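Visitor: Shown below is the structure under consideration.
The values are calculated or read from the model by the stated rules, or taken from the named source; none is laboratory data. Computed from a prediction, not measured in an experiment: that's the story for all the values here. Heads up, the Cβs are rebuilt from the backbone with ideal geometry, glycines too, and the neighbour counts pull from every protein chain shown. Remember, those area values only see protein heavy atoms, side chains included, never the ligands or the DNA or RNA. Shrake-Rupley method; radii C 1.70, N 1.55, O 1.52, S 1.80 Å.
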Amino acid sequence: MKIAVVTGASSGLGAEFVRRLAAEEELEEIWLIARREDRLKALCAQVESTARLRPLPLDLTREADLDAYAKRLQAEQPEICWLVNAAGFGKMGTCEEIGRAALDQMVMLNCKAAMDMTQLSMPWLTRGSHVLEICSTAAFMPLGGLGVYAASKSFLLSYSRSLHFEVRSRGIVVTAVCPYWVKDTEFIPVARETENPAAVKHFPFASKARTVVSWALTDARLGFSVSTPGPVCTLHRLVCKFIPRDLLMLAWAGIRRV
């Protein structure tokens with residue numbers, strides 16, 4: 001049974017990946033994973049697909065739910081053609097302001113959950129399979145006011161790049177997707193609600209989820225280890241190769257207050 005597995009599928013990039021994979025890939029099932037079962041079911045009702053859309057309400061920061069995913073794989077014995085780890089979140093502010101609980105949750109979901117889902121899925125990937133780890137352009141440098149979020153995405157970028165070379169002999173492609181701000185996800189509306197002076201107030205040239213997903217899928221099919229799906233994140237990636245991090249962080253401190 002050929003399937004795709006998409007985490008964070010209840011909204012944003014995850015939901016858009018479900019739509020595009022349903023339209024473009026010959027799959028028998030797409031497993032939609034997120035905590036909010038009502039949203040998963042609503043998305044299943046909206047998407048036209050020859051593949052069966054299967055909502056799986058799981059909290060990937062809970063070991064019991066990861067075990068439930070592993071048991072389902074063992075029972076179904078699928079061939080995972082696409083694994084998209086889109087679950088994640090970020091909070092703006094200093095580490096002290098955000099607090100330990102939220103910081104722990106960010107690391108658990110952005111880092112550990114993505115790694116665990118990849119490791120659990122690995123035996124079910126075959127030649128021609130693709131793994132997309134949804135990182136961020138924040139992965140390319142430290143960011144004041146987004147420190148743990150940027151660090152978590154940097155971890156995921158490094159993990160993805162190393163894994164890409166570990167499994168390429170098996171014909172499996174791992175792609176770290178590093179977009180700039182995406183305007184039609186939940187991240188920006190939440191950021192705009194905060195009164196925190198460290199928060200970003202404006203998001204010029206923000207991308208749309210549809211564009212990011214289309215670009216990312218193309219890069220994955222081309223076998224790229226890293227996808228920067230847009231001109232701003234591509235420029236940022238290049239700039240980070242040549243300008244010292246401390247200078248970039250000073251520039252960021254000014255930009256986020258504009």
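Visitor: Hand me the list of helices (runs of 4 or more DSSP H) wholly inside segment 178-258 holding 1 or more residues that are open to solvent by less than 50 Å² (accessible area, probe 1.4 Å), closer than 30 Å to SER10 by Cα and modelled with pLDDT of 70 or more.
Guide: On the way: elements: 187-193, 209-221, 231-242, 245-255.
Where helices (runs of 4 or more DSSP H) fall fully within segment 178-258 and carry at least 1 residues being open to solvent by less than 50 Å² (accessible area, probe 1.4 Å), closer than 30 Å to SER10 by Cα and modelled with pLDDT of 70 or more, they are 209-221, 231-242.
Table: residues versus (1) under 16 Å from the mean Cα position of the chain (by Cα); (2) of a type outside the set (Gly, Ala, Ser); (3) at pLDDT below 95; (4) under 30 Å from GLY147 (Cα atoms).
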{"site": "LEU53", "(1), (2), (3), (4)": "no, yes, no, no"}
{"site": "THR61", "(1), (2), (3), (4)": "yes, yes, no, yes"}
{"site": "ALA75", "(1), (2), (3), (4)": "no, no, no, no"}
{"site": "ILE80", "(1), (2), (3), (4)": "no, yes, no, no"}
{"site": "ASN85", "(1), (2), (3), (4)": "yes, yes, no, yes"}
{"site": "LYS91", "(1), (2), (3), (4)": "yes, yes, yes, yes"}
{"site": "GLY99", "(1), (2), (3), (4)": "no, no, yes, yes"}
{"site": "ASP116", "(1), (2), (3), (4)": "yes, yes, no, yes"}
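Visitor: Something else now. Name the single residue, out of those in segment 110-161 being assigned to a strand (DSSP E or B) and in contact (Cβ under 8 Å) with a residue 60 or more places away in the chain, that is nearest to VAL177 (Cα to Cα).
Guide: ILE134
Each row is one residue, and each column tells you yes or no for (1) open to solvent by 30 Å² or more (accessible area, probe 1.4 Å); (2) under 20 Å from SER225 (Cα atoms).
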| residue | (1), (2) |
| --- | --- |
| ARG54 | no, no |
| ASP65 | no, no |
| LYS71 | yes, no |
| GLU79 | yes, no |
| ALA102 | no, no |
| GLN119 | yes, yes |
| ALA138 | no, yes |
| LEU146 | no, no |
| LYS153 | no, yes |
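Visitor: Right, here's the next one. If you take the residues in segment 35-52 that are small (Gly, Ala, Ser) and within 28 Å of THR126 (Cβ to Cβ), which one is most open to solvent (accessible area, probe 1.4 Å)? First the steps, then the outcome.
Guide: Looking only at segment 35-52, we keep the residues that are small (Gly, Ala, Ser), and these are 42, 45, 49, 51.
Still in the list and also within 28 Å of THR126 (Cβ to Cβ): 49, 51.
On the way: SER49: 40, ALA51: 11 Å².
This residue is SER49.
Visitor: Please tell me if ALA34 is free of Cβ contacts under 8 Å to residues at least 24 places away in the same chain and of a type in the set (Gly, Ala, Ser).
Guide: No, not satisfied.
Visitor: Within segment 13-25, track down each residue that is open to solvent by 30 Å² or more (accessible area, probe 1.4 Å) and in contact with a Ser or Thr (Cβ under 8 Å, 6 or more places away or on another chain). Steps first, please.
Guide: Kept after step one, since they are open to solvent by 30 Å² or more (accessible area, probe 1.4 Å), are these residues of segment 13-25: 19-20, 23-25.
Selection gives ARG20, ALA23.
Visitor: Next up: Before we move on, is ILE3 within 26 Å of MET108 (Cβ to Cβ), among the aliphatic types (A, V, I, L, M), open to solvent by less than 80 Å² (accessible area, probe 1.4 Å) and in contact with a helix residue (DSSP H, G or I) (Cβ under 7 Å, 6 or more places away or on another chain)? Before the answer, list the steps.
Guide: On the way: within 26 Å of MET108 (Cβ to Cβ): yes; among the aliphatic types (A, V, I, L, M): yes; open to solvent by less than 80 Å² (accessible area, probe 1.4 Å): yes; in contact with a helix residue (DSSP H, G or I) (Cβ under 7 Å, 6 or more places away or on another chain): no.
Against the criterion (within 26 Å of MET108 (Cβ to Cβ), among the aliphatic types (A, V, I, L, M), open to solvent by less than 80 Å² (accessible area, probe 1.4 Å) and in contact with a helix residue (DSSP H, G or I) (Cβ under 7 Å, 6 or more places away or on another chain)), ILE3 does not qualify.
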